[in-house]
Each structure stands twice: as structure tokens, then as C-alpha cells.
1. Please sort 180-189, 4-13 by packing, taking for each peptide the average over its residues of neighbouring beta carbons within 10 angstrom, highest first.
2. Give me the percent of DSSP beta bridges within the range 183-334 that run antiparallel, rounded to the nearest 5.
3. Could you tell me the relative contact order of the range 37-159? Use alpha-carbon pairs under 8 Å, at least six residues apart, and round to a whole percent.
4. Can you give me the relative contact order of the range 1-65 as a percent, contacts being Cα pairs under 8 Å and 6 or more apart?
5. Rounded to the nearest 500, what is the chain's calculated 222 nm mean residue ellipticity when only DSSP H runs of at least 4 contribute -39500 (n - 2.57) each, over all residues?
6. Give me 65, 237, 20, 1 ranked fewest to most by other Cβ atoms within 10 Å of their Cβ, as a rough exposure proxy.
7. Provide the packing ranking of 312-323, 154-165, 284-295, 383-394, i.e. peptides ordered by the mean count of other C-beta atoms within 10 Å per residue, highest first.
8. Residue 72 to residue 153: FRET efficiency via 1/(1 + (r/R0)^6), r the Cβ-Cβ distance, R0 41 Å, to the nearest 0.05?
Ligand code: ADP
């Protein structure tokens, strides 16, 4: 079966077509700048690449462009959409309702809609993606996979915030957590990689990318994670500030006469590595500036590393120890220097890195722990699309 995975963001749409016979990627692409003047589709398939540049008004048009690219006579990879057995839609916020992928039905759609206030940028785009695909492929099963689902095993002591209970019962204010498909993929891959039973492993997984989060996984289940009611909480990220005293928001709003929505836009889009370094949200550019002597860039890197170190310490406490510390996503997989900086000084916890092996490990699965390290230190490239497609195959075949 061929499965199409669609990830609709607020102004973008990423897609990937996977052949489940051998789990290979047949085609992938990105539609960007939806709603702006200079929209763009980039499609790769059959070893070829092509680009379409035009104004793309909305997600329905973006979806049509994706489907045309997939079936294009010259560059396309399928003759008709009938070859596609299921379409998977990544949905940011499932609230507390969804603990796994589900086939989209009116009730699921209503729930995605209900959660728009919790994911105001993404959920409407996700819904638009689902509806646009259904218009073109009315008989193909649509599956929704929620970024929040993996974290629904957290206990109340991890997911509740210290505000009056009424906000939890009435407004569903709690920690939800994100990057669930990535954390779940890594949590499932580690026992396979080590040849151990998941029940025996306490894992701290560091997903460090543009968005970053740490997850404590005990016996295969999430017990705590750093992102919160939205992806803003936790680590310093590309453009997000991560955790801070909420009074900072009130103080800046009052001093600069801006409202809370404007301030949260700053917290989400202008802060983090970008805001601290003043250089870029891209870690490679921040490193380049830091090496050239830029102290703000150095501070940004120190803050990110220190943030991850604190979560490792905290989650070791949560699980009464740790057996595996793993790194994934763009920074986690590729940035050997940051990994080394994060793990220096954790010998007291039994985590000792093989710095030489770490230094040459980029974008591949590897055990970078020293031979006498009690804690395994692993680099595990994430493959969210494959994790999602495997779920869908199971769902659709069992339906
Ligand atoms: P997204 O959250 O958008 O999926 P990614 O997981 O692709 O993001 O991560 C993007 C981040 O990874 C960027 O900050 C980028 O600079 C960083 N990155 C990619 N390659 C390297 C590298 N070799 N060294 C350091 N950082 C890297």
C-alpha cells in the first residue's frame, strides 16, 4: 500500500509518499508561503526535482498542487490517486481526547475543531488539509495523528499546572506535550537497537530541532515532557523563548504598551536562539557567529545546552535514574559539539560519553557512550513519517 502523509502548517504543507511494501519514500515535497504573493511548490520524486512558483491562495489550492505534482505525466510518481491507500494528516493538538492515530470521521473532525483555541495556527490548517484531500479523494481513508497523543500517559503530577483547578476542568488548562510521534519513534527504536525489552528502559529523549523538547519515557510510556499547553514551554528553541516567569509577559506588556497576543507572538517568533543571538534561529549560523567571537551567540548556545542539562537532571529524578539518554532531530542528530557540551559532567549519573566517537557521528544511529558508561548515550535519527505510516497501515488494514 502507498500512504501519503500530509503535514499542513499555518502557511506551508509538507508531504511524503511512502511505499509500505519496502517502507521507501517514493516522493516528497513542500508547498510554502501559502496566502502570500510568492508561493512555491518543491517536489522530489523519481530522482527528479521540480519547482512551481505562483500565488497560492489557500490550503485547498496547495493540496491540489500537491496532488497534481504526484500525478504529473512527466515528473509524477502515481498514475492516479486511486493508487494511494490512505492519507495521513498530522494534527498539532488533539487535546486530551486522542491517545493514538484515528480514522477521521465527523466526531474526529469536530474534536480537531474544538481544539482550535489550543492550536490556533495549526489546527485550522490541519483541518483544511483533511477537507481538501477528501474533496479530491472521497473514497480514500483519512487518518489523523496527533502530536499530543504519545504524552497522554503522563500522570497528573506531571501534566497539571499550579493554577486553580477550575481552569483545568473548565478550560482544559494542562500540559499536553508535542513532538509525540518523534518521541514515540525513538522510544520504540531504542529497545530494538539495544536488543532490550522496553519495560526495562528509562529513556530521556532530547528532540532538538527548530522546535525542541525533552521527554522522560519509562517502560515505553511518556511520564513527563518539557512542552506544555502549547509548544512554547521548556527549552530555548529556534525562535521560541521556552520557560520563563510568566510575569515577564505582564511586565513587558505594561512597559511597552503591547497586548498579550503581541507579546506571545514575540515569545514564539522572535525569541530563542534568534532573539538571544541576534544572528539567526538556525543553529549552524549561531555556531558560526559564536566561533567568530559573538558573545550573544555564545550565550544562546550556553542557554540551550544548560536547559537540556537541567531537564536531564530533572527527568533522572522523575524516573529514579536513567538507562538511556538519546538525541534526535536536526540539532540532536548533527550537532556533536552541543551533544558533548550537554553531557560533560554527567559521570556522577553514570553517563560517560565517548567524545571521539561522538565527534564523528552525524545523522546516523550510533552508540556514543564510553565502554564503561552505565547509561547508554545514543544518537537516533527520528523518522516521524515512517512511524505515522506504520500506524496507518495497521489502522486501515484492521478497519
Ligand atoms: P524542524 O523542527 O523544522 O523539523 P529540524 O529537526 O530539521 O527542524 O532541525 C533544524 C535545526 O537543526 C536547525 O537549527 C539547524 O541549524 C540544525 N542543524 C542541522 N544540521 C546541523 C549541524 N550539522 N550542526 C548543527 N545544527 C544543525
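1. 180-189, 4-13
2. Working: 11 of 16 bridges.
Of those bridges, close to 70 percent are antiparallel.
3. Across the range 37-159, relative contact order equals 28 percent.
4. Details: 134 pairs, mean separation 15.1, N = 65.
In percent, rounded to a whole number, it is 23.
5. So the calculated ellipticity at 222 nm is -11500 deg cm²/dmol.
6. Listing 65, 237, 20, 1 from fewest to most nearby Cβ atoms yields 1, 20, 65, 237.
7. 383-394, 312-323, 284-295, 154-165
8. 0.45
Any read-out appearing in this document is the output of simple, stated calculations on the displayed coordinates, not a laboratory observation. Because the structure is predicted, anything quoted here is derived from the model rather than measured. Counting neighbours? That spans all protein chains shown, and the Cβs are built from the backbone with ideal geometry, glycine included.
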